[in-house]
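One structure is given here, and the rest of the page talks about it.
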There are 2 protein chains.
Amino acid sequence: MSGRTPGEQVTIADVARHAGVAASTVSYVLSGKRTISATTRSRVLASVRALGYHPHAGARALASRKANVIALVLPLRTGMQVPVVMRFATAVVTTARRHDHDVLLVTADEGPAGLHRIAGSALVDGVLLMDVELEDSRVPLLRELALPGVLIGHPADSTGLACVDLDFRRAGELCVEHLAAAGHRRVALLGAPAAVYDRGTGFAHRTRAGVRAAAGRLGVDAVTRPCEEGPAAVRHDLEALLADHPDVTGLVVQNESAVGPVLATLPLLGRRVPRDVSVVAICPDELAEQSGLTCVPVPAEEVGRQAVALLMRRLNGEPVPEVTLLEPHLTVRDTSGGTGR
Amino acid sequence: MSGRTPGEQVTIADVARHAGVAASTVSYVLSGKRTISATTRSRVLASVRALGYHPHAGARALASRKANVIALVLPLRTGMQVPVVMRFATAVVTTARRHDHDVLLVTADEGPAGLHRIAGSALVDGVLLMDVELEDSRVPLLRELALPGVLIGHPADSTGLACVDLDFRRAGELCVEHLAAAGHRRVALLGAPAAVYDRGTGFAHRTRAGVRAAAGRLGVDAVTRPCEEGPAAVRHDLEALLADHPDVTGLVVQNESAVGPVLATLPLLGRRVPRDVSVVAICPDELAEQSGLTCVPVPAEEVGRQAVALLMRRLNGEPVPEVTLLEPHLTVRDTSGGTGR
DNA sequence: CTCGTCCGTCGAAGCGCTTCGACGGACGAG
DNA sequence: CTCGTCCGTCGAAGCGCTTCGACGGACGAG
């Protein structure tokens with residue numbers, strides 16, 4: 001179609017020759033950094049299309065000192081909410097593309113050395129860090145490297161950083177407020193696996209704090225306990241919870257893999273939902289929708305979009321807020337209701 | 001520590017000066033493309049470490065005509081097996097790093113234009129294409145662009161390509177053989193969502209073909225039907241299946257999200273597992289392990305490793321087989337057994 | 001002892017882009 | 001009509017690397 005041999009790089013010089021202008025003019029047409037007459041512009045753009053020109057990414061990065069690539073540092077460890085991560089990643093890629101950036105996938109197990117390498121080699125202009133822990137070793141490194149970064153979740157000390165997250169504390173409060181308003185006086189949080197709390201992962205700790213705070217404020221009894229993954233483990237943890245606290249009538253679940261098993265197990269333990277026990281989850285909305293579950297959705301896409309938008313503003317040298325918390329909302333479905341007690 | 005201002009690029013010239021050699025010598029030490037004396041080599045490497053040198057990725061790409069980056073083109077559509085995708089992605093990144101390559105994340109919704117852009121801008125040296133359909137529009141494009149690629153799954157025409165996949169046909173056969181050997185004469189495949197078959201996705205079609213082939217060969221009745229996602233949908237589809245075919249005693253499940261609901265629903269329909277109905281799944285092994293499920297594991301990591309290894313061989317100009325099928329294995333657990341009939 | 005070979009290193013060129021300074025020419029002000 | 005301004009374009013330099021050819025010098029063969 002274009003007549004060129006596939007695989008051969010079309011250069012800016014080819015375009016310039018084809019359009020009868022200087023290479024710098026082509027560059028200015030493409031970047032818009034200088035005014036170019038309408039006729040020249042359209043001639044150049046026609047040549048770009050005719051030749052199927054794409055600027056060489058490496059050459060561009062070298063000359064402009066911008067890679068137009070951001071890194072997405074993913075965790076991929078036990079207890080991560082996998083579908084949430086995927087939807088988040090999609091939103092990140094899509095939004096980044098809209099800002100003319102690509103996304104490099106980095107796994108956390110390369111650790112701080114990975115950040116060093118990526119920053120040192122100018123492979124990326126900035127990073128998105130997921131699954132940030134309260135005391136995260138990568139955070140000081142980010143500061144030291146002067147590498148623009150946006151964190152998903154937030155560490156204990158967020159000075160000089162940019163963090164985006166659902167307001168999990170508020171989400172925990174919302175769940176308890178909803179249950180309390182329906183008359184529940186004893187509630188329980190069935191949370192993430194113990195390892196997640198041990199790592200000091202922010203969302204788990206903050207949710208728990210929110211549940212406790214709201215319970216304290218509203219005069220509700222609240223117990224909280226971790227929950228391991230897998231149907232058998234969930235069932236076991238739920239049974240243990242109800243054995244220790246048989247009078248719990250409101251359940252907050254923050255563990256994707258537990259949602260299905262919890263709803264399946266409760267009837268077997270003689271608890272009908274929502275008549276005997278109300279269940280509220282903090283989880284992806286589709287998951288909740290499938291089961292008619294009352295929930296506070298985790299807005300993965302929105303977090304991804306916001307994170308990229310913030311990073312782009314940082315890359316442009318604009319100031320950004322240290323902490324951006326997304327307001328949670330509770331969607332009422334079939335698994336929560338009043339209590340007879 | 002290193003004494004340099006953070007964010008300032010350390011260049012090969014800095015290293016050369018520090019070590020008292022020419023820049024080209026540093027380059028040769030790092031690439032190993034010419035013999036360098038042991039003393040020079042160690043002096044250079046010491047300087048590299050002292051200065052914290054990382055070669056500028058763009059400059060390297062420009063000069064060497066290699067980006068040392070591969071693209072991972074992910075689907076992210078309905079019916080994809082999300083955890084499998086994640087584990088696959090991790091294996092890809094890890095293996096690529098071992099070959100000194102990074103991974104660019106591309107979503108399929110950028111479509112063929114994305115491949116054009118990526119190839120044209122020399123951002124990547126090759127691509128890994130996931131979720132390949134039997135008639136995939138990206139496949140001819142790959143050929144046209146002369147862009148080295150490895151496909152996960154395989155299209156109808158694999159001429160000149162490199163495809164890696166679990167041998168899903170054989171996996172389907174294995175499941176039926178296992179059930180037949182245990183005495184089951186009527187089996188059913190509860191498969192992927194209908195949309196997945198409609199798209200012509202290879203793994204779904206091949207599994208179904210394998211189930212049918214083995215059933216025919218062994219004189220077993222086999223019915224196959226798609227299964228939508230979500231507990232309610234799964235339950236509905238399973239009930240419909242058993243209503244139409246009440247004498248089915250062997251169930252093959254190829255749908256991650258259906259595994260839990262199927263095991264939860266069967267007892268409610270009066271079928272104990274494995275006494276009344278044996279269940280065999282094709283799914284990630286952890287998922288099966290959690291439920292004590294007999295299964296043919298989908299070896300996501302192994303597929304990822306193989307795919308990267310093949311791509312690296314292609315990038316080195318070595319010949320690679322058109323189709324690489326991984327041999328499936330059946331792991332017997334608690335959900336399958338003999339039948340009384 | 002001499003010559004050829006080859007090992008180890010160097011310098012220069014070039015990869016494809018961006019950006020800076022310069023410079024015609026059009027056009028408006030006086 | 002003249003001069004100054006500014007718009008639109010050009011050419012050159014430079015980004016940091018790899019790679020090629022060249023060339024000392026050591027060393028072995030004769």
Efficiency by 1/(1 + (r/R0)^6): what FRET value for residue A:11 and residue A:244, r their Cβ-Cβ distance, R0 = 60 Å, to the nearest 0.05? 0.25
Starting from the Cα of residue A:236, step 7 Å toward the Cβ, then list every residue of segment A:174-215 with an amide N under 19 Å from that point. A:190-198
Expressed as a whole percent, how much of the Cα-Cα distance distribution for segment A:136-184 exceeds 12 Å? 68 percent
Around residue B:217, what is the net charge, scoring Lys/Arg as +1 and Asp/Glu as -1 over all other residues with Cβ under 11 Å from its Cβ? -1
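Compute the Rg to Rh ratio over segment A:168-298 from the alpha carbon atoms, using the Kirkwood formula for Rh, and round to two decimal places.
Values: Rg = 13.1 Å, Rh = 14.2 Å.
Over the Cα atoms of segment A:168-298, Rg/Rh equals 0.92.
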The whole-number value in µm²/s of the Stokes-Einstein translational diffusion coefficient for segment B:12-55, with Rh from the Kirkwood sum over alpha carbon pairs at 37 °C and 0.692 mPa s, is 331 µm²/s
What nm distance separates the two modelled labels at residue A:198 and residue B:65, each placed 7 Å from Cα along Cα→Cβ? 5.3 nm
Heavy-atom accessible surface buried between A and B, both sides counted, 1.4 angstrom probe, nearest 100 Å², is 3900 Å²
1.4 Å probe, heavy atoms, protein only - residues of segment B:290-314 losing at least 30 Å² accessible area vs chain alone: B:290
So what is the 222 nm mean residue ellipticity for chain B from helices alone, if each DSSP H run of at least 4 adds -39500 (n - 2.57) and you divide by all residues, rounding to the nearest 500 deg cm²/dmol? -14500 deg cm²/dmol
Counting pairs of alpha carbon atoms under 8 Å apart in space and at least six apart in sequence, what relative contact order in percent does chain A give? 18 percent
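Skip the ligands, DNA and RNA, and give the accessible area per residue of chain B with a 1.4 Å probe, whole Å². Walk me through the intermediate numbers first.
Details: 14100 Å² over 341 residues.
In whole numbers, chain B has 41 Å² accessible per residue.
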Within 13 Å, Cβ to Cβ, of residue B:243, how many net charges do the neighbouring residues add up to if Lys/Arg are +1 and Asp/Glu are -1? -1
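For segment A:12-55, what does the relative contact order come out to in percent, with C-alpha contacts under 8 Å and a separation of six or more?
The value is 41 percent.
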How far apart, in nm, are the 7 Å Cα→Cβ label points at residue B:38 and residue B:146? 4.4 nm
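What's the local net charge at residue B:190, with K and R +1, D and E -1, over the other residues with C-beta under 9 Å away? Mind showing how you got there, number by number?
Values: positive: B:225; negative: B:237.
It works out to a net charge of 0.
Express the Stokes-Einstein translational diffusion coefficient of segment B:1-150 in µm² s⁻¹, to the nearest whole number, given a Kirkwood radius over alpha-carbon pairs, 20 °C and a viscosity of 1.002 mPa s. Before the final figure, lay out each step's value.
Values: Rh = 18.0 Å.
Using the Kirkwood radius from Cα pairs, D works out to 119 µm²/s.
When the accessible area of the protein assembly as shown is split by element with a 1.4 Å probe, what percent falls to carbon and sulfur?
On the way: 14840 of 28220 Å².
Result for the protein assembly as shown: 53 percent of the exposed heavy-atom area is carbon or sulfur.
Convex hull over the alpha-carbon atoms of the protein assembly as shown: what's its volume per residue in Å³?
Working: hull volume 124.0 nm³, N = 682.
Cα-based convex hull of the protein assembly as shown, divided per residue, equals 182 Å³.
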Taking a point 7 Å out from Cα toward Cβ as the label site, list the nm distances between residue B:200 and the same residue in every other copy, smallest first. 5.4
Residue B:267 label points, 7 Å along Cα→Cβ, one per copy: pairwise distances from this copy to the rest in nm, shortest first? 1.2
Return P(r) of chain A (all Cα-Cα pairs; 10 Å bins starting at 0; whole %; ordered from short to long distances). 5, 22, 25, 18, 13, 8, 6, 2, 0
Along Cα→Cβ at 7 Å, what distances in nm separate the residue A:246 label point from those on the other copies, shortest first? 4.0
Stretch gain in nm, segment residue B:223-residue B:286, where the contour uses 0.36 nm per residue and the Cα spacing is subtracted: 20.0 nm
Segment B:226-341: proportion of alpha-carbon pairs further apart than 18 angstrom, %: 57 percent
How many angstrom separate the Cα center of segment A:95-156 from the Cα center of segment A:214-287? 35 Å
As a test, work out the antiparallel percent of DSSP beta bridges whose residues both lie in the protein assembly as shown, rounded to the nearest 5. 10 percent
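Between residue A:137 and residue A:333, take the C-beta separation as r, use R0 = 30 Å, and let me know the FRET efficiency to the nearest 0.05. Could you put the intermediate results ahead of the total?
Numbers: r = 40 Å, r/R0 = 1.34.
The calculated FRET efficiency here is 0.15.
The values are calculated or read from the model by the stated rules, or taken from the named source; none is laboratory data. Keep in mind that what you see is a predicted model, and the values were worked out from it rather than measured. No Cβ is skipped: glycine too gets one built from the backbone with ideal geometry, and neighbour counts run over all protein chains shown. These area figures cover heavy atoms from the full protein model, side chains too; ligands, DNA and RNA do not enter into them. Shrake-Rupley method; radii C 1.70, N 1.55, O 1.52, S 1.80 Å.
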